[in-house]
Amino acid sequence: MALVPFVCTYDEGMRTLTLSGDLDEVGAGRLRQQLAAAMVDRSGSLVLDLSAVGSLPSSAVGVIAAARADMRAHFNSLDLVATPGTVASAVLPRYGMSVHAADTRAADHA
């Protein structure tokens, strides 16, 4: 099965990183860079939307866990969101990370 290319976009106004595709080792490295860039100003919480992620290997889970710890160390948070039933909503809680249900109402009315 072919991998779906990993894409990471950042909405600075909403402070939201939206991920899509299959996260592999290279994608985990890119995610680490994107998170570091988004967290550089340390001004408040950051949202990581994983609703469209097709695969989430342990290397990517480690990147997310490290980013959450870094944000907490600076009295901020990295809020994880995903559509119920997705890979992220199933995998991340197994590692002790809370995943909030993504708000799909806005997409339904677009």
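Of the residues making up the range 68-99, just one is exposed (fewer than 12 other Cβ atoms within 10 Å of the Cβ) and in contact with an Asp or Glu (Cβ under 9 Å, 6 or more places away or on another chain), namely Ser98. Scanning the range 39-53 for residues that are within 12 Å of the chain's Cα centre (by Cα) and either more than 23 Å from Ala101 (Cα to Cα) or small (Gly, Ala, Ser) (or both) yields a total of 2. Of the numbered criteria (1) out of contact with any Asp or Glu (no Cβ under 9 Å at 6 or more places or on another chain); (2) closer than 24 Å to Val4 by Cα; (3) not basic (Lys, Arg), the one Gly54 fails is (1). Looking only at the range 68-99, filter to residues that are within 10 Å of the chain's Cα centre (by Cα) and small (Gly, Ala, Ser); which one of those is farthest from Pro5 (Cα to Cα)? Among them, the one singled out is Ala82.
Read-outs throughout are calculated quantities, based only on the coordinates presented, and are distinct from any laboratory measurement. Remember, predicted model here, so these are calculated numbers, not experimental data. We place every Cβ from the backbone using ideal geometry, glycine too, and count neighbours over all the protein chains shown.
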